[in-house]
Each structure stands twice: as structure tokens, then as C-alpha cells.
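Reviewing the structure listed below.
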Amino acid sequence: MAEIASLAADTGSRLFSHIYISRAERLHARTAFAAHGGSMVRYLASLDLLGPELTLAHGVWLDDDEIGMLAGSGTSVVINPLSNLKTRNGVAPIRSMLDAGVNLGIGCDNCSCSDAQNIFQAMKLFSLLPAISDPDPATPWAITAFDAATIGGAAALGLGRQVGAIAPGMLADLTVLDLD
């Protein structure tokens with residue numbers, strides 16, 4: 001990881017990694033990263049990898065402390081609700097991440113662990129799944145999912161100044177939906 005961090009810094013590249021996809025991965029981190037409090041996030045922090053140039057996928061088993069570290073550093077997380085359900089890995093703590101201020105994007109993962117590459121299905125699950133663990137009728141609402149799929153996703157890719165919003169000077173592909 002240290003060599004990857006160095007290479008990314010030398011080339012001005014962004015870093016993308018999976019984190020805590022499964023409960024087993026979270027449990028393994030307790031021993032593999034014991035020197036870092038059993039936390040992959042603390043390990044990444046020790047390498048100075050946390051920050052706006054890092055995007056983590058999944059984050060299903062992040063704890064509140066780690067979520068706070070990600071929010072404070074500007075690290076993005078891309079939620080992949082379809083694949084996390086298909087692989088029975090759990091539901092990411094979406095509401096906790098939103099409340100902490102983590103930039104969230106929405107992804108569909110790949111076809112081998114998600115039956116559809118349909119961002120609308122992913123957005124719907126992003127909005128509905130938090131009610132499983134927290135029935136409080138708070139966010140995320142549909143607009144929160146829309147923001148994560150557009151502005152949040154663009155920021156997670158390092159493209160926040162180029163795409164993700166309909167605004168002067170921004171690149172855009174527009175889709176018009178006929179609701180009738």
C-alpha cells in the first residue's frame with residue numbers, strides 16, 4: 001500500500017479500493033491490522049492515504065469512529081447496495097455516513113455480483129435500505145440518492161469540477177424520463 005501511495009503521489013493519480021465488504025473482512029482486520037486498532041481505516045491513515053484523492057467502495061462494516069475519520073479527511077465512499085444484497089454482505093451505514101458528512105457516491109459494482117447495471121435501482125435501494133437498521137423517517141430521501149448518484153459520484157471520481165451537475169461550463173449527458 002505504501003508503494004501504491006507513492007506511485008499515486010508521483011503520477012497525480014487517484015486511489016480506489018474496496019473496504020469492509022463483508023463481516024469476515026471486518027473480523028480479519030482485527031488481527032491483520034492489530035497494530036492499528038484492528039482498523040483498515042486507521043491503517044490507511046497511518047500511510048497518509050485518507051483524503052479527497054481516495055475513494056473506497058462498499059464500507060458495509062465501517063464503525064462510527066472510522067466514519068468520522070473518513071468524513072474528517074474528505075475520503076469518499078461509493079455505496080453498492082445491489083451487489084451487497086446479492087452477496088449477502090449487509091447494508092452499509094448510509095445514514096451514519098451522511099450524518100457525519102462523508103461524500104457518498106452510488107455504484108452498481110460489476111455484473112458478477114450484481115444482476116443489473118441500473119443506477120435507478122441502486123438509487124432506490126440507497127434510499128430504502130437505511131430503514132432496515134434505523135426506522136427513523138429521516139434521510140436519505142430520493143433527492144439524497146440523486147445527489148449521491150450525480151454530484152457525489154463525480155466528486156468520488158475526482159471529476160466534481162467537470163461533471164455531476166447541470167451548470168455552465170460542466171460536461172453533461174442528459175436523460176429525460178417520461179413519467180407517463
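The values are calculated or read from the model by the stated rules, or taken from the named source; none is laboratory data. Everything quoted here is computed from the prediction, not taken from an experiment. Every residue, glycine among them, receives a Cβ derived from its backbone with ideal geometry; neighbour counts consider all protein chains shown. Only protein heavy atoms, including side chains, enter the accessible area calculation; ligands, DNA and RNA are left aside. Shrake-Rupley method; radii C 1.70, N 1.55, O 1.52, S 1.80 Å.
Looking only at residues of the stretch 61-87 that are of a type in the set (Val, Ile, Thr) and touching a Ser or Thr at 6+ places or on another chain (Cβ under 7 Å), we find that the one that is farthest from SER17 (Cα to Cα) is ILE67. ALA172 fails exactly one of the following numbered conditions: (1) open to solvent by 90 Å² or more (accessible area, probe 1.4 Å); (2) part of a loop (DSSP other than H, G, I, E, B). What is the number of that condition? Of (1) open to solvent by 90 Å² or more (accessible area, probe 1.4 Å); (2) part of a loop (DSSP other than H, G, I, E, B), only one is false for ALA172: (1).
Might you let me know whether the stretch 89-111 holds any residue that is in contact (Cβ under 8 Å) with a residue 60 or more places away in the chain and either of a type outside the set (Val, Ile, Thr) or part of a loop (DSSP other than H, G, I, E, B) (or both)? Checked the stretch 89-111: at least one residue is in contact (Cβ under 8 Å) with a residue 60 or more places away in the chain and either of a type outside the set (Val, Ile, Thr) or part of a loop (DSSP other than H, G, I, E, B) (or both).
With respect to the stated conditions, ALA5 is open to solvent by less than 30 Å² (accessible area, probe 1.4 Å), part of a helix (DSSP H, G or I) and of a type in the set (A, V, I, L, M). Residue count for the stretch 54-74 satisfying the condition of being out of contact with any strand residue (DSSP E or B) (no Cβ under 6 Å at 6 or more places or on another chain) and either over 12 Å from MET97 (Cβ atoms) or of a type outside the set (Val, Ile, Thr) (or both): 13. A search for C-beta distances below 9 Å between a residue of the stretch 45-56 that is without any contact (Cβ under 8 Å) to a residue 12 or more places away in the chain and any residue that is of a type outside the set (A, V, I, L, M), counting only pairs 6+ apart in sequence or on different chains, returns SER46/HIS36.
Within the stretch 126-139, restricting attention to residues that are modelled with pLDDT of 80 or more and either open to solvent by less than 40 Å² (accessible area, probe 1.4 Å) or in a loop (DSSP other than H, G, I, E, B) (or both), the residue that is nearest to ILE106 (Cα to Cα) is PHE126.
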